[in-house]
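Report on the following structure.
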Amino acid sequence: MQNQLTIIIGTTMKKLRQDRNVTLEQLSLASGIDKDRLEIFESCKERPDAEELLDICKALQISISDLLDVKSN
């Protein structure tokens, strides 16, 4: 069963990656996270742990709030 946070992270991660024209292979190299694991995150089957979140954000040059799709009011 997918929870809402897993879905938000996976779908936002994929969109931001694609918006930046970054392939999964490139993200894998930049983040140090296996490509297959990144695919699992993007398909919303699992969510990254805190360390992986930071690595993904650094590789995509985004903030964690961007990845969590947090909107400021």
Worksheet entry | Neighbour net charge for ASP19 - beta-carbon separation under 14 angstrom, K R +1, D E -1 | +1
Fill in: Spin-label model distance (nm) - SER63 vs THR23, 7 Å beyond Cα toward Cβ
3.2
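Only the coordinates and a few stated rules stand behind these numbers; no lab work does. Note that this is a predicted model, so its numbers are computed, not measured. Here the Cβ is made from the backbone with ideal geometry for all residues, glycine too, and neighbour counts use every protein chain on show.
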